[in-house]
Every structure is written in structure tokens, then in C-alpha cells.
Amino acid sequence: MTPRLPSINVSPGSIPKRPVVKAEVSFTRTLGDNWRDRKRRGLPGQAICLLSLKPIEELQQLRYPLFPGALGENFNTRLLDSRAVQIGQTYRVGNHVVIRITKVWRPGRTIPVYGKAFFAEMSDTDIPQGVVPSPTGGRSGFYSELLQEGAVFPGDPTILNQAAMPSQRIRTER
């Protein structure tokens with residue numbers, strides 16, 4: 001089965017992010033999305049925050065009241081194996097958007113509503129170093145940079161590119 005994008009989430013500057021039915025994605029962000037913490041969020045290589053629904057569902061089983069966008073992620077995926085995602089991989093999302101995975105993402109400690117134990121459930125100390133095969137490695141999301149702008153919609157496929165992408169960014173006509 002093809003991995004899909006069931007939820008695209010934006011916020012004017014706080015969490016949670018809320019789902020939208022269409023998003024225009026630029027090199028710097030998902031349009032309509034913003035951050036309060038500009039020292040750590042929205043930096044180069046962090047245009048999109050990607051998180052699988054699987055860890056959200058696993059953490060819901062542990063009684064955390066999570067939902068798509070609750071942790072500040074822009075794209076949620078279904079059927080994309082987070083434990084197989086690697087830094088540097090490129091994915092085509094929908095018809096036009098192409099992203100490159102740049103680094104492992106962990107939710108900020110500004111999410112106090114879930115308590116201190118939540119961060120241990122979400123990721124461990126190996127995650128910032130990119131050691132994804134850790135016990136919680138697949139629960140962390142990923143930051144990505146945009147290689148090609150465009151529109152995305154819920155339900156769009158999220159496909160690993162087999163061919164290498166050009167290093168330059170490509171604007172698409174809207």
C-alpha cells in the first residue's frame with residue numbers, strides 16, 4: 001500500500017496546529033503556518049515537520065490525548081515506516097511537492113500539558129544524533145527542507161524517490 005498524507009496542519013503561531021483541506025507549501029513553510037519560537041523553529045532545513053500517525057496512535061494507547069497537529073507537526077503520514085526514514089532521503093508528496101529529510105525532530109519542551117514522562121515516551125537521548133533504531137526512534141518525527149514547492153491535499157501519496165533529486169529548489173506555477 002502507498003503511504004499517504006491524511007492530515008496537513010497549520011497554526012498562526014502556537015500549538016496545536018489544526019488540519020486544513022489544502023496547503024500551499026513554500027521553501028520556508030506551509031503557508032498559513034507560523035511559530036512563536038523563531039530561535040528554534042522555522043530555521044533553514046525545517047520548512048516541514050513530518051510525523052507518522054503510528055506513534056500518535058501508540059501514545060494514545062498509553063493514555064496521552066494526542067491528535068494530528070497536537071505536537072506542532074505540519075504533515076502526518078499513514079503507512080510510512082518512521083523507523084526506515086533516513087536523513088537525506090527525498091519524498092514526493094502529492095503531484096508537485098518534493099521534500100528532503102534534514103534532521104530528526106522532537107517536540108519542544110514547551111508542550112507541558114503531557115507531563116515530563118511524555119518526552120521519555122516520545123524519544124530518547126540518541127534521537128538528536130540521528131540514531132533512529134532506538135526503542136523510541138520511530139516515534140520522533142523529522143524536519144525536511146523543500147526542494148519543490150506546490151500544493152498538497154489530505155490523502156496525497158508520500159512516495160520515496162528512487163532517483164537523486166537536483167540540489168537546487170524548483171518553483172512550480174500555481
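Being closer than 23 Å to Leu31 by Cβ and modelled with pLDDT under 75 narrows it down to one residue among Thr172, Thr125; which is it?
Working: Thr125 fails: closer than 23 Å to Leu31 by Cβ.
Just one listed residue meets the conditions, Thr172.
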Restricting the search to region 55-80, which residues are under 13 Å from the mean Cα position of the chain (by Cα) and surrounded by fewer than 20 Cβ atoms within 10 Å (Cβ to Cβ)? Arg78
Any residue that is farther than 24 Å from Leu31 by Cα, part of a helix (DSSP H, G or I) and at pLDDT 60 or above - is there at least one of those in region 138-158? yes
Could you pull out the residue among Glu24, Glu57 that is of a type outside the set (S, T, N, Q), within 24 Å of Phe153 (Cα to Cα), modelled with pLDDT of 90 or more and part of a helix (DSSP H, G or I)? Glu57
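Against the condition out of contact with any Leu (no Cβ under 6 Å at 6 or more places or on another chain), modelled with pLDDT under 85 and over 12 Å from Gly141 (Cβ atoms), how does Thr110 come out, does it pass?
It is true that Thr110 is out of contact with any Leu (no Cβ under 6 Å at 6 or more places or on another chain), modelled with pLDDT under 85 and over 12 Å from Gly141 (Cβ atoms).
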Return the residues of region 84-108 that are within 23 Å of Glu121 (Cβ to Cβ), surrounded by 19 or more Cβ atoms within 10 Å (Cβ to Cβ) and in contact with a strand residue (DSSP E or B) (Cβ under 7 Å, 6 or more places away or on another chain); say none if nothing qualifies. Val85, Ile101, Val104, Trp105
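The values are calculated or read from the model by the stated rules, or taken from the named source; none is laboratory data. Bear in mind the structure is a predicted one, so any value in this text is a computation, not a measurement. Cβ sites come from the backbone with ideal geometry, for glycine too, and all protein chains shown count toward neighbours.
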